[in-house]
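Structure record follows, encoded as C-alpha cells.
The values are calculated or read from the model by the stated rules, or taken from the named source; none is laboratory data. These numbers come from a predicted model, not from an experiment. Counting neighbours? That spans all protein chains shown, and the Cβs are built from the backbone with ideal geometry, glycine included.
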Amino acid sequence: MSEFKTVQELKQLDPAIAAPFRSIFILRRKTIKTAKNGNPYLSVELGDAGGSFTANAFGDSAVFTSLENVAEGSMIRLSGKTEYYQDRFSPRLQAAEEVAADDEEAQSMLGQLVEVPPESEDELWAHIEEAIAAIEHLQLRETVQRVMDEMGAHFRISTAAISMHHAYRHGLLEHTTHMVRAARALLPLYPQVDADLAIAGIILHDIGKLEEYIGEFAAKVSRIGTLQGHVVLGFRTARKAAIQSKLNSDLTERLEHIILSHQGEKEWGAAAMAATPEAVFVSMIDNLDAKMGMVQRVLRNSPEGEEFSEYLMGLKTKVLLTPPDKS
C-alpha cells in the first residue's frame, strides 16, 4: 500500500485529529491573495483522480516559497496535517516541492492522479463516430466530419470546463456523448426538432473549448479563450467547415445559432437566446447534462459514509449522497 494518501483517503480520516500525511497531487489552481494584515498568501487547489481541496500557504512559509513560481498543472509532492475550516477540508501544508514528469514515484501514481470518466475513451468516441455517420443530410454530415477530421484527436482528450462540469481529461467527449444519447431518447417526443441539425449542433456546441482551454493535467483559459470565449471560437470553427462543405446558408445559420445560444442565458455566456426548435432543444439538454454531470461526479468521488457532498457552486447547494430508502 502506497505511503502517499489520496484525496478520498485524507477526507476519510477522523476530522477531530490533525493527522500527518504525505501525498502527490496535481496543482490545479494557484492564486496569490492578500491577507487582512496586508501580507500575501497563496490559495492553491490540489487534487487527484478522486477529488480536490483548497489550502493556503502564507507568505512567510516554506510552502509559499516552494510553490510561488510553480505552474498550474504541475505535480507536487507535499506533506502536511489534516485540518478543516468551516466544515471544508483544508489541510495545513508543511512542505511542498515540484515533481518532475519522469519522477519514478509520480509515474507510478499517474493512474490515480489524472481523473477520467467511468467509460473508456474508445467507447465514448465510438458513439460520436456513429452519431456523425447517422446524420442524413450530406453537407451537414460533411461539416461535422470536417471539424472532427481536423480536431478529433484533441476533442477526445479535452476537458469540458475548468471546474464546473466534466472538468477532467476526456470530459468534453463524455459530456458530448451523453448529450447525444439524451437527444436520441427525447427526439421522438419533439417531432418539430430536426434530428440532423440537433445532433450536429450537439457535437459542435462546445468545439470552441479546444481553443479556449490549455494545459495537460490542469486546464486554464488561453489568451484567445479570454479574448473571445468558446462560443465565438466554436461559431468560427463551424462556419469555416460549413463553407468548405458547401452547406446551404439556411442550415449554416441555424447550426451557428445553436452554438451561439447553447449557454442558455446571456449572463451565462450565450451570444443570443435560443430562437429555433433545435437551439432550444440543445440548450436544455446541455444544461441537463452539465448539472447531472456534477451530480454523477460528486456521487463517485465523495468519501464513503458521508450524507451530503461539499457545496457545489454549479448547483448552488450540497447533494444528498445516500440512495433512496425503498424498503
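Out of region 287-304, which residues are in a helix (DSSP H, G or I) and charged (D, E, K, R)? Even if it seems obvious, please write down each step before you answer.
Of region 287-304, the ones in a helix (DSSP H, G or I) are 287-301.
Those that are in a helix (DSSP H, G or I) and charged (D, E, K, R): Asp289, Lys291, Arg297, Arg300.
In a helix (DSSP H, G or I), modelled with pLDDT under 95 and more than 18 Å from Ile128 (Cα to Cα): is that true of Met284 in this structure? No.
Kindly evaluate Ala274 against the criterion of being farther than 24 Å from His170 by Cα, surrounded by 20 or more Cβ atoms within 10 Å (Cβ to Cβ) and over 19 Å from the mean Cα position of the chain (by Cα).
On the way: farther than 24 Å from His170 by Cα: yes; surrounded by 20 or more Cβ atoms within 10 Å (Cβ to Cβ): yes; over 19 Å from the mean Cα position of the chain (by Cα): yes.
Taking the combined requirement at face value, the residue satisfies it.
Hey, does region 250-266 have a residue that's at pLDDT 90 or above and over 29 Å from Leu189 (Cβ atoms)? There is no residue in region 250-266 that is at pLDDT 90 or above and over 29 Å from Leu189 (Cβ atoms). Among the residues of this structure, Ile224 does not count as one that is assigned to a helix (DSSP H, G or I), under 13 Å from Thr176 (Cα atoms) and in the same structural domain as Asp289 (by TED's automatic domain parsing).
The strands (runs of 3 or more DSSP E) located wholly in region 1-89 that include 3 or more residues which are basic (Lys, Arg) and surrounded by 17 or more Cβ atoms within 10 Å (Cβ to Cβ) occupy 20-34.
With the condition kept exactly as written, say whether any residue in region 118-139 is small (Gly, Ala, Ser), in a helix (DSSP H, G or I) and surrounded by 19 or more Cβ atoms within 10 Å (Cβ to Cβ). Spell out the reasoning first.
Within region 118-139, the subset small (Gly, Ala, Ser) is 120, 126, 131, 133-134.
So of that shortlist, the ones also in a helix (DSSP H, G or I) come out as 126, 131, 133.
Filter once more, keeping what is surrounded by 19 or more Cβ atoms within 10 Å (Cβ to Cβ): 131.
So far as region 118-139 goes, yes, one or more of its residues are small (Gly, Ala, Ser), in a helix (DSSP H, G or I) and surrounded by 19 or more Cβ atoms within 10 Å (Cβ to Cβ).
Every residue, every condition in (1) under 18 Å from Trp268 (Cβ atoms); (2) surrounded by fewer than 22 Cβ atoms within 10 Å (Cβ to Cβ); (3) in the same structural domain as Leu204 (by TED's automatic domain parsing), yes or no:
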site	(1), (2), (3)
Arg141	no, yes, yes
Arg146	no, yes, yes
Met151	no, yes, yes
Ile157	no, yes, yes
Ile162	yes, yes, yes
His166	yes, no, yes
Arg169	no, yes, yes
Met179	yes, no, yes
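Here is a list: Ser163, Ser245, Ser249. Which entry is of a type in the set (Ser, Thr, Tyr) and under 30 Å from Asp48 (Cα atoms)? Give the steps one after another, and end with the answer.
Working: Ser245 fails: under 30 Å from Asp48 (Cα atoms); Ser249 fails: under 30 Å from Asp48 (Cα atoms).
Result of the check over Ser163, Ser245, Ser249: Ser163.
Among the residues of region 191-209, those identified as of a type in the set (Val, Ile, Thr) and assigned to a helix (DSSP H, G or I) are Ile199, Ile202, Ile203.
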